[in-house]
Amino acid sequence: MNDRWYHEDISRPMAETLLAKAAQDGSFLVRHSESFEGALALCLLFENRVYTYRIFINEDNMLSVQASAGIKPKNFVKMPDLIEYYKQENTGLVTNLRYPVERVEEVEGQEVAIGAANVVDSTARIRSDASKSLVSEILASRLEEVDTAVLAQAPRGFHKALCDYIEQDVLKDAEHINSSSVDMWQLRLLLSLLTKGLSSELIQTMSALETSQSLLDNQPSAGGGTQGQIATEAGVRRLLSTAGELSRVLSSIENQVRDYEPESPDADVQDRHLEIAPVFEVKLDSFGIFMKIHLKVDIENGKLIVKKSKDGPEEKFYNHNRILQLIKSQKFQNKLVIIIDSEVKKTQRKEYVFTDSKKREAFCQLMQLMKNKHSDFTEPDMINIFIGTWNMGNASPPTDIQSWFLCRGQGKTRDDTAADIPHDIYIIGTQEDTQGEREWVELIKSTLKDITYIKFKHIATQTLWNIRIVILAKPEHVNRISHISTSSVKTGIANALGNKGAVGVSFMFNGTPFGFVNSHLTSGSEKKLRRNQNYINILRFLNLGDKKLGPFDITNRFTHLFWLGDLNYRVELPTQEAENIVEKIKQQQYQELLAKDQLIFEKNDKKIFLQFQEEEITFPPTYRYDRDSRDMYNYIKQKATGLKYNLPSWCDRVLWKSYPNVHVMCQSYGCTMDIVTSDHSPVFATFEVGVSTQFVSKTDPNNAASPGTINFIRCEAKLKTKSKTKFFIEFHSSCLENHVKSAEGENQESRDENLTVVWSNPLELIPIISDPEYLLDQHILICVKSTDSYESYGEGCIAVQAHSNEIMFNIPLEHRGEETGIFSGSYKLTISERKQRERTYDFIQLEKDEMISIMQSKANTHPEFPKTWEWPGRVTPKLCPQLLAEEAAAKARDRVPLPSLPETTSKDDSKPSSIYPESSRSKTPTMSHVDAEILLSPKQDWESMAMVSNPLYEAVDQTQNSISKKEQVKPKNLRKSSAPRAEKILTPSLSSAQALVSKESNRPVLPPVPQSRSRSYTCSEVRRPGHRVPNAKQLETMANFSQFGATSQTTRPPALDRPPLPVKSQKVLQLQHAVKDYRETSELPAHTKHRGNGTMGQQTSVS
């Protein structure tokens, strides 16, 4: 169909854009339907709105426009006849067809021109002399790009024969094909020349193999072998047949040899890292005093051993069940807090400082491994994944590639103490891989066995030309992996050749769907738009995952989707900046170059990889190196047309996208520097991801509670469309028996020319299982569809969360890689209350740092995907006073004001808010309407919170501060002081707490942490003559200020006359400046009194 109004498979948003540019009533075009395979869609513009009509093809190959119920459709033999008929008035459309919108011809250089010549319209174009010369020119330029090292290994005369074929004979073969001939004689002659002598070598090789096979075969077959059956003809077909027979014999011999090898059971395979107990040198931070100790992680016995020296005796140890949590500081990358269950106190907080951040990460990984090994649960809820991508440059790999799998090189790498910890699943993607599939898989398996002493099991392999993905897993995970699916997409010349494209594998790990895509996109710095289109085509045509999720592409079909490969996005700088780029790389000024990275630019402009994440890049560009070296970038290539520049770039990348509220953490991201056979460096990335377990209900079916419900109260979609149709919502989830459709929404006009659709009527979803442990691992996929064409106008994902009140959500909608709108609203989950399973990945958390949280919240435009992971709560936790005190103290130490309590959502304000720290799993700040119940709790709760009022000067609960004498540390140089008299006059009561509720905003206000007191203004008990004593009103104001702190300038009390500065001796000043400021630590000081200079009087303790 060559009519100008036929646009083939352009997307719906693109069709609307073209019609909007036409801006004439009656403008139309025809495209492929997105909702029904094989159908077409007629798009018509009228009164600035786009109307879509489906065109079906019936069993008699007749075309007809879908009509309303009861109206007989009119059939047409050809599409032009249908168009001509509906150009008439009053034919049933909103208006008659008038102005066809022509196709936009994409100009993508010679590559697409040749693709059209060879694939789309070869008959007409090959007969043209201009096309003939163009074909030869392009193939000749490609031949020039072939590495000279590869050509040097070819037989003598190969290069000349190939050049002759490109210049003359390839067009002869094309003419034979166009004349209905199936033979390509010129190519056959070329292959015969290249395989000269191969036949005799095959015969000799087959003779030796058959001898070996007869020796190993337990039941030798009678009769002669294959050797006598092979003719001496050197034809290509005979060679292919002989080679196939040779491959079969080789496989048979391998299997026979395996039968003779005694194979040890997998249970006997011991991990080397379990036998080694690494020792870490750390400093114990206790009230600002650092003590050097050593920590030994005994994974096998489940103990953390504390020693004074590395080789010294064991001083004490903590069993794995007493170690409650590890908290990593975000401000200090080498600092770690360990929460330990204590017999004396409820918990102990131990602060350790490691030599560097890599040591801390290795320690945390080993501790996590110890926790997992001694867990009471049989099914894992967290696994570790290794992802590697490498453009092999059409060269054979070295025999030693261990550094790749050990994550050694540059960037965010693993410490040696944890480098040999095996991952649960390995995903290896390669491009320009000339290795045989079996040979490559065996090399990977043997390398992993040398590192981990584990025989990894092969799960899947998918290959498209020289693009390949291999997946291996631990033996114990084989039975947990199911529903394996593979697919590939070609994006080469005219999307018909597989030299560029993608391969993918998907599977289910227990109840969690995983997807992995390895792609090799179009090369060339100037072909950025072509790469973007490659990405869109892969999204559309890569067929992975659950086939029932038809409206959703691969970005919404998996809980975790990882995208790796040679994406070929370049650093977009002028070629004359080449030397400057190399100099910046030597100085490791990567951020200046990444500011010009095409992938980051396009991703930030929301053109590709919507909602995908990538770990920070801290390694040098992986392309284009000199082969056999990593000392120099070879960015200039001599071609027949002149010099071509390939500036050093980060072509090889790993990105990922996960559902909201799931745990995923990138532990390493870097590249190797010792694998030098290619002009690309291998890239590695490791991840810790949460998985849902195979759910088995522990509830007696006869005593089961009422079924749970998910009630959507109100939903609203803001769509980027000019379509004037009605819309409904489709809900898809594994927790639903079938997908559920909503009623039609109400369309509302928007000022920004978008369409707003509102669903006011509540919609109830009934999950198949109501157990909270199952439901809180689920997600609901939503799809906004039109009622006329059933085409999707946007898809998104909502995490199921539990709360006593409504849960707000606000998620982006996307379709075929384009952002199409926003979907917002609220829902309420009704389930039975039951204790939730403790998650393994909640063992390690990040300490909340306010400044980092603010920066990340500003950088994060999608509220469902914040980048901070804090509190691990699956059900919204109730904050205890002790946790509030620790958080307030942390804020005061960093001199950051404690954030005020969020507002409770009123009927007029739908903005979500929460007082709870964000979850390490949760990436969605989904908030409830009322979250401030803790402030208006009974009196004892308020009194217990009073210790938050001034964590710098008051003690935490004395019952929790009673520590053993052995563990007490009494700093000797602290200043003796006591609380100021004004602070002892008034004590807040419940009525004063209620008075904090603002009448205007009707919201409770959390007592903030006061500003740090200046030592120069510390009140003294010794008053000088003439000093005024504050009156009662001033004392009351001072007490309120000291109790609740200054939140702003409007709440600051009236200025009082400050007392004169006390006299300080030189010795006291020296001691004062020598003592480390305790606020840089994360513990509150004990009230230890000591004697000071009598002339100074008693002062308030600030240490």
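The values are calculated or read from the model by the stated rules, or taken from the named source; none is laboratory data. Predicted, not measured: the structure shown is a model, and the values here were computed from it. Protein only, heavy atoms only, side chains kept; ligands, DNA and RNA dropped before computing areas. Shrake-Rupley method; radii C 1.70, N 1.55, O 1.52, S 1.80 Å.
One table, with the values for the structure above:
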| quantity | calculated |
| --- | --- |
| Alpha-carbon Debye profile of the stretch 393-467, log10 I(q)/I(0) at 0.17, 0.22, 0.23 Å⁻¹ | -0.73, -1.14, -1.22 |
| Cα-based radius of gyration of the stretch 361-519 once divided by 2.2 N^0.38 Å, which approximates compact folds | 1.10 |
| Kirkwood-based Rg to Rh ratio, the stretch 297-373, C-alpha trace | 0.95 |
| Built amide H within the under 5 Å cut-off of Tyr99, gap 5+ | Ser27, Phe28 |
| Residues whose placed amide H lies under 5 Å from that of Thr512, excluding near-sequence neighbours | Ser692 |
| The stretch 601-674: radius of gyration over Cα atoms, expressed as a fraction of 2.2 N^0.38 Å | 1.47 |
| Principal axis box of the stretch 713-822, alpha-carbon based, largest edge first, Å | 43, 27, 27 |
| Per-residue ³J(HN,Hα) for the stretch 324-331, Karplus 6.51 cos²θ - 1.76 cosθ + 1.60, θ = phi - 60°, Hz, x for Gly and Pro | 7, 6, 10, 10, 8, 6, 8, 7 |
| Which of Tyr453, Tyr165, Tyr827 is most accessible, then next, and so on - probe 1.4 Å | Tyr453, Tyr165, Tyr827 |
| The stretch 649-777: equivalent-ellipsoid semi-axes (sqrt of 5 x gyration tensor eigenvalues, Cα, Å) | 40, 30, 10 |
